[in-house]
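What follows is a set of notes on a single structure, which appears directly below.
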Amino acid sequence: MVDLTVRVGPTVLKSPLLLASGTCGFGREVAEYEDLFVIGGICTKGLTLMPRLGNEGCRTAETPSGMLNSVGLQNPGVHAFLRDELPNMRSFGTKIIVNVAGHDTDDYFRMAQILGDPSVPVDVIELNLSCPNVKEGCMTFGASEEGVYQIVKGVREYTDKPVWVKLTPNVTSITETALAAENAGAGAVVLINTLLGMAIDIKSRRPVLQNNTGGLSGPAIKPIALRMIAECDQVLHIPIIGCGGIASAKDVIEFMIAGASAVQIGTMSLLHPGICEKITNDLICYAESESIERLSDLTGTLLRW
Amino acid sequence: MKKEYRIPLLSNVAVGSATHVLTFRSKEIAAAANPGQFVNVSSDLFLKRPFGVLDTDPEAGTFSIGVRRIGAGTGYICDAVPGTFFEVLGPLGNGFVFDQTKRIIAIGGGTGIFPLRFALKRARELGIPSLSLNGFRSKSDIILLSSFEEVADQVRISTDAGDFGTKGNVVNLLSELTKEEMKDAILMTVGPEIMMKNVAKWADGAGLFCQVSLEKRMACGIGACLVCVCKVKAEAEGEPFRHVRCCKEGPVFAASEVIW
Ligand SMILES: Cc1cc2nc3c(=O)[nH]c(=O)nc-3n(C[C@H](O)[C@H](O)[C@H](O)COP(=O)(O)OP(=O)(O)OC[C@H]3O[C@@H](n4cnc5c(N)ncnc54)[C@H](O)[C@@H]3O)c2cc1C
Ligand SMILES: Cc1cc2nc3c(=O)[nH]c(=O)nc-3n(C[C@H](O)[C@H](O)[C@H](O)COP(=O)(O)O)c2cc1C
Ligand code: FES
């Protein structure tokens, strides 16, 4: 029997597969298509201190092998989440990773204080320093070493729970922001969030998205995610969670070889709810045929030229 | 557990110049679909495309959709030959409400007529008297007329060109209704947004309850991604409005809730 469990620091996951933030809401809808008990965990939609309505107008555009979104962090706010969603999420029997977004540093600290309290049953805090669809906060912090360091360091003061830092690929050097996260006490980095993009309607000559720009996700971004994970694996000492366009067991294996301890599946789970079950079965087949006893042995085994 | 189905296209019939009726085999969807619900159908593009259910045959285990060719995705679907397999999610969303309905007036335009055909069929099964009002550009654009006559007690047509039925649009048809025809009626409307907005305004003036089916660009279709939201009236004090998911809370809404 293949051992699918993986470790991300102190956190033991039943499987390397996690559902990515913003692509599975709070799990209610995917739970109708997928047995969440067998996956490693589920990342909530990005939460903010106060409820947010998100962006107006058209929020999505299709691209070859991917999609743009400009949801703009629509969410019910952290308090409504705790009251209305968390109890139900706990019933899935898998790890709960809360994705946290803020306008300013104080927002992040206050949410870390609320969600990081030992009495609140969430397992991991994932700092979203990478959402490209809001005017303030998020990606503005994730774009610089100082911004990343300041938030992660501050958040660490408020909680003993594992803190994962989800970084933006919209930077010149991903290793610099990743190292800043590690130096500030991050438990892991999550690579990558969406790439900033645009779609244009030639009839109106306007951007399709009313926000003008949006975040690109899906298989189109997979090579970029792999490259960034492999780069960071060479310099980091903390675990890496891979994310970006994963569609199959083969993709999961590629991400693990590049250096990921676990992976998140986003867009492809939106398109094909139930995909984790298929990927899990295929991972088991692969490991059996390759005589791999522990899937986690694959992590960081890239043989560079 | 729900699942994404991989199902074959059984038939593809052109109705009119740019519109096709496609029938698929799926016991599950045929048994579960209600009028106003939709299915999300794959093509050779990245995202699936949503289409209202036109008809079901639970005994045969089949369902149909009507598709107008407007771009690459609908083009692929309209060109598909029987035997082609599609990935389909459905039935999705909330359909029309028939509870305590004494009389139905179904008002359609464009591709909106497809889900209304299913609603009228259901009304007939429930013994609810019905009136169908469909608007087209001109006589040559009229489709599925006999199919509507099969399920509705009365069918009236408007054409912008005025070469068939009442000249003008469906609001002209509405303004021709008698007191008797309007009494206790519930309106169901699907079509271009501007048409539904005008129908909703008319219904409000006439004091009639109206259900509208909204269209937004979608990705998942199941309520997980929030790209398809519609603007509806606030519930709590201090809230300017709410963003609700077209695919999950909708696509059918009470017209009085919608912010156009
Ligand atoms: C709930 C629901 C039910 C529907 N039912 C039907 C149906 O029964 N029959 C039917 O033929 N169609 C129906 N539609 C519309 C159908 O989904 C679209 O026509 C289809 O997705 C277009 O795909 P495409 O690849 O051909 O066009 P694209 O290449 O994606 O688009 C072609 C053009 O149409 C515009 N466009 C496409 N979709 C939308 C949209 N939702 N809002 C505004 N502009 C848009 C694009 O901007 C572009 O200019 C429904 C849509 C929804 C949301
Ligand atoms: C519709 C949508 C909404 C998203 N919302 C969030 C979010 O709230 N917080 C976040 O950290 N990432 C968000 N993401 C990014 C994903 O979690 C993921 O990092 C990205 O899409 C790349 O992975 P994928 O290609 O597997 O989707 C969102 C992505 C999509 C497509
Ligand atoms: S299309 Fe994903 S929530 Fe409606």
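Solvent-accessible surface of segment B:103-213, taken per residue with a 1.4 Å probe and all protein chains present: 44 Å². For the pair segment A:169-209 / segment B:208-234, the C-alpha centres are spaced 28 Å from each other.
Considering only DSSP beta bridges with both partners in the protein assembly as shown, what is the antiparallel share in %, to the nearest 5? Roughly 50 percent of the beta bridges in the protein assembly as shown run antiparallel, per DSSP.
Note on segment B:211-253: Kirkwood hydrodynamic radius from all Cα pairs is 10.7 Å, rounded to one decimal. When each of the peptides A:22-34, B:8-20 is scored by the mean number of other C-beta atoms lying within 10 Å of its residues, the order from highest to lowest reads A:22-34, B:8-20. Separation of segment A:210-268 and segment B:1-40, taken as the distance between their Cα centroids, equals 35 angstrom. Counting only protein heavy atoms and a probe of 1.4 Å, the accessible surface of segment B:3-92 is 52% carbon and sulfur. In segment A:214-305, inverting the average of 1/r over every pair of distinct C-alpha atoms gives 13.5 Å as the Kirkwood radius. Helix-only arithmetic for chain B: the sum of -39500 (n - 2.57) across DSSP H runs with n ≥ 4, divided by the residue total, places the mean residue ellipticity at 222 nm at -6000 deg cm²/dmol.
Sorted on the mean count of surrounding Cβ atoms within 10 Å across their residues, most packed first, peptides A:132-140, A:191-199 read A:191-199, A:132-140.
Under the combined filter of DSSP loop state and at most 14 neighbouring Cβ atoms within 10 Å, segment B:164-254 retains these chymotrypsin sites (Phe, Trp or Tyr not before Pro): B:Phe241. A simple count of charges around B:Gly109, restricted to other residues whose Cβ falls under 11 Å of its Cβ and scoring Lys, Arg +1 and Asp, Glu -1, yields -2. Calculation over all alpha carbon pairs of chain A in 20 angstrom steps from 0 returns a P(r) of 36, 59, 5 percent. Kindly identify chain B as rounded, prolate or oblate by the Cα gyration tensor criterion: order the square roots of the eigenvalues as a ≥ b ≥ c, call it rounded if a/c is under 1.5, otherwise compare a/b with b/c, prolate if a/b is larger, else oblate. Oblate is the answer for chain B, as a/c is 1.5 or above yet b/c matches or exceeds a/b. All other residues whose Cβ lies under 14 angstrom from that of A:Val2 are scored, Lys and Arg at +1 and Asp and Glu at -1, for a net of -4. Rolling a 1.4 angstrom probe over the protein heavy atoms with all chains in place gives segment A:42-95 an accessible area of 35 Å² per residue.
Taking the helices alone, chain A has a mean residue ellipticity at 222 nm of -8500 deg cm²/dmol, built from -39,500 (n - 2.57) per DSSP H run of at least 4 residues and averaged over all its residues. Over segment A:1-122, with a single point scatterer placed on each C-alpha, what log10 of the ratio I(q)/I(0) does the Debye formula yield at q = 0.09, 0.11, 0.15, 0.23 1/Å? Relative scattering, expressed as log10 I(q)/I(0), comes to -0.29, -0.43, -0.78, -1.38. Restricting segment B:204-243 to GluC sites (Glu not before Pro) that sit in a DSSP loop and have at most 16 other Cβ atoms within 10 Å of their own Cβ leaves B:Glu235, B:Glu237. Shielding by partners for peptide A:66-74, expressed as the average number of C-beta atoms from other protein chains within 10 Å of each residue's C-beta, is 3. Scaled against the 2.2 N^0.38 Å expected of a compact globular protein of N residues, the Cα radius of gyration of segment B:3-92 reads 0.96. In this entry, the protein assembly as shown is assigned a mean projected area of 27.4 nm², taken as a quarter of its C-alpha convex hull surface. Over 28 Å between Cα atoms, which of A:Lys14/B:Lys216; A:Lys278/B:Lys248; B:Lys2/B:Lys121; A:Lys222/B:Lys231; B:Lys197/B:Lys248 qualify? Beyond 28 Å between Cα atoms: A:Lys14/B:Lys216; A:Lys222/B:Lys231.
Shape index of segment B:147-260: Rg/Rh, with Rg the Cα radius of gyration and Rh the Kirkwood radius from the inverse mean 1/r over Cα pairs, equals 1.03.
Residues of segment B:223-260 that lose at least 20 Å² of accessible area (1.4 Å probe, protein heavy atoms only) when the other protein chains are present, relative to their chain alone, are B:Ala224, B:Cys225, B:Leu226, B:Val227, B:Val229, B:Lys231, B:Phe241, B:His243, B:Lys248. Interface size, chains B and A: roughly 2700 Å² of accessible area buried, both sides included, 1.4 Å probe, rounded to the nearest 100.
Rounded, prolate or oblate: which fits segment A:87-169 when a ≥ b ≥ c are the square roots of the eigenvalues of the alpha-carbon gyration tensor, with rounded for a/c under 1.5 and prolate only if a/b beats b/c? Prolate, because a/c is 1.5 or more and a/b exceeds b/c. Dividing the convex hull volume of the alpha-carbon atoms in segment B:103-213 by its residue count gives 86 Å³ per residue. Taking label positions 7 Å along the Cα-Cβ direction at both A:Asp297 and A:Asp282, the computed distance is 2.3 nm, reported to one decimal. Take every Cα pair under 8 Å whose residues are at least 6 apart in sequence, average their separation, divide by the length of chain B, and the relative contact order is 17 percent. Expressed to the nearest 5 percent, the antiparallel share of DSSP beta bridges inside chain A is 35 percent. Can you bin segment A:145-294 into rounded, prolate or oblate? Criterion: square roots of the alpha carbon gyration tensor eigenvalues sorted a ≥ b ≥ c, rounded for a/c under 1.5, prolate for a/b above b/c, oblate for the rest. It comes out oblate by the Cα gyration axes. Once the partner protein chains are put back, segment A:30-46 shows a loss of at least 20 square angstrom of accessible area, versus the chain by itself, at A:Glu32, A:Tyr33 (probe 1.4 Å, ligands and nucleic acids excluded). At a probe radius of 1.4 angstrom, the accessible area of segment A:150-305 per residue rounds to 43 square angstrom. Cα centroid separation, segment B:131-148 to segment B:89-112: 17 Å. Counted by Cβ distance under 14 Å from B:Met195, the other residues give a net charge of 0, where Lys and Arg count +1 and Asp and Glu count -1. Largest mean-square fluctuation among A:Val252, A:Val171, A:Val163, in a Gaussian network model of chain A whose springs join Cα atoms under 10 Å apart, belongs to A:Val171. The trypsin sites (Lys or Arg not before Pro) of segment B:155-246 meeting both criteria, a DSSP state outside H, G, I, E and B (loop) and at most 14 other C-beta atoms within 10 angstrom of the site's C-beta, are B:Lys183, B:Lys233.
The values are calculated or read from the model by the stated rules, or taken from the named source; none is laboratory data. Given the structure is predicted, the values throughout are model-derived calculations rather than measurements. Note that we place each Cβ from the backbone using ideal geometry, even for glycine, and neighbour counts take in every protein chain shown. The protein model used for the area step is the full one, side chains on, heavy atoms only, and it has no ligands, DNA or RNA in it. Shrake-Rupley method; radii C 1.70, N 1.55, O 1.52, S 1.80 Å.
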